[in-house]
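The values are calculated or read from the model by the stated rules, or taken from the named source; none is laboratory data. Note that the structure is predicted; figures quoted are calculated from it, not measured. Here the Cβ is made from the backbone with ideal geometry for all residues, glycine too, and neighbour counts use every protein chain on show. Accessible surface is based on the protein model in full, side chains and every heavy atom, while ligands, DNA and RNA are left aside. Shrake-Rupley method; radii C 1.70, N 1.55, O 1.52, S 1.80 Å.
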Amino acid sequence: MPPTIILAAGWIQTGTGLGNDIKGLIFNVAIPVLCGFFVIVVGWKTKAPGPTIMAVIFAAIVWGLSANMATLKNKTTEDIVQYQGGANAVRSDQ
């Protein structure tokens, strides 16, 4: 009897590799470029310092949050574990 070959395993690894590459490309290239483009367009269209400064602040927030996704993920995980009654959660009868 010939050995059974699982063909899906190779496709799953290929898909995971492409997904990681695309994710890195989005977070390291696309988001910073789009934030810069957003600031340039707002500055060019409004030709006023107020909206341009607000666009810079908004772009910095978006870029900063996208750059710290791992930290945000860890914090969210800690909050969920604590909410579900993790090891360090304090329970009361109230």
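Yes/no matrix, rows are residues, columns are (1) modelled with pLDDT under 95; (2) closer than 21 Å to residue 26 by Cβ; (3) out of contact with any strand residue (DSSP E or B) (no Cβ under 9 Å at 6 or more places or on another chain):
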position: 43; (1), (2), (3): no, no, yes
position: 53; (1), (2), (3): no, no, yes
position: 60; (1), (2), (3): no, yes, yes
position: 65; (1), (2), (3): yes, yes, yes
position: 72; (1), (2), (3): yes, yes, yes
position: 77; (1), (2), (3): yes, no, yes
position: 81; (1), (2), (3): yes, no, yes
position: 84; (1), (2), (3): yes, no, yes
Pair list, Cβ < 7 Å and 6+ apart or interchain, from the range 56-85 residues that are without any contact (Cβ under 8 Å) to a residue 24 or more places away in the chain to residues that are open to solvent by less than 70 Å² (accessible area, probe 1.4 Å) = 56/39; 82/89
